[in-house]
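See structure below.
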């Protein structure tokens, strides 16, 4: 079987290879061998995928469909997830520090033990999310998003006086 030329693959073709048996191991090795390579999965359909242990730091995942996906034990630092659909996704033990999640839809997503330090959540949809052990230090969020996040932690937050 010929060796995959990972750095030549983009969007759905790259996604398809990533999801094959041992695909993530090979993908991570290709990343280690080609440090300047920035994977482009923009617009790919990864709905329902199980992506465990992937290094997708700095990757372009803008507009990707990750609805119902299971993302565990991965590194997504500085990843572009703008306009991504993560509805009902399960995210655990992930590093998403400085990632761009602007306009991403995380409705009904479950986030457990996730680092979101300095993440951009501008206009992200955070309704009905489940959260535990999430680090949001320095994240850009609105007061409405803060209320949704607080609800995800099972807390009630009163609006500021000027919003009442």
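The values are calculated or read from the model by the stated rules, or taken from the named source; none is laboratory data. This one's a predicted model, so the numbers in the text were calculated from it and none came from an experiment. Cβ: placed from backbone, ideal geometry, glycine included. Neighbour counts: every protein chain shown.
Just a few scattered comments:
- Selection of the stretch 96-105 for residues being in a strand (DSSP E or B) and closer than 15 Å to residue 58 by Cα yields only 100.
- Within this structure, residue 24 passes the test of being closer than 28 Å to residue 130 by Cβ, in a helix (DSSP H, G or I) and either at pLDDT 90 or above or over 12 Å from the mean Cα position of the chain (by Cα) (or both).
- Taken together, 161, 144, 151 contain a single residue that is more than 22 Å from residue 61 (Cα to Cα), crowded, with 16+ Cβ neighbours inside 10 Å and modelled with pLDDT under 90, which is 151.
- Restricting attention to the stretch 112-133, the residues that are touching a helix residue (DSSP H, G or I) at 6+ places or on another chain (Cβ under 8 Å), outside any loop (DSSP other than H, G, I, E, B) and crowded, with 20+ Cβ neighbours inside 10 Å total 1.
- Residue 55 vs. criteria over 19 Å from residue 148 (Cβ atoms), in contact with a strand residue (DSSP E or B) (Cβ under 9 Å, 6 or more places away or on another chain), at pLDDT 95 or above and surrounded by fewer than 22 Cβ atoms within 10 Å (Cβ to Cβ): no
- Those residues of the stretch 27-52 which are out of contact with any helix residue (DSSP H, G or I) (no Cβ under 7 Å at 6 or more places or on another chain), in a loop (DSSP other than H, G, I, E, B) and within 25 Å of residue 67 (Cβ to Cβ), in sequence order: 38, 47, 48, 49
- Search result, residues across the stretch 27-36 that are under 21 Å from the mean Cα position of the chain (by Cα) and in contact (Cβ under 8 Å) with a residue 24 or more places away in the chain: 27, 28, 30, 31
- Which numbered condition residue 12 fails, given (1) over 27 Å from residue 136 (Cβ atoms); (2) assigned to a loop (DSSP other than H, G, I, E, B); (3) modelled with pLDDT under 90: (2)
- Failed condition for residue 66, given (1) surrounded by fewer than 19 Cβ atoms within 10 Å (Cβ to Cβ); (2) farther than 17 Å from residue 25 by Cα: (1)
- Taking the numbered list (1) in contact with a strand residue (DSSP E or B) (Cβ under 6 Å, 6 or more places away or on another chain); (2) part of a loop (DSSP other than H, G, I, E, B) in turn, residue 108 passes all entries but (1).
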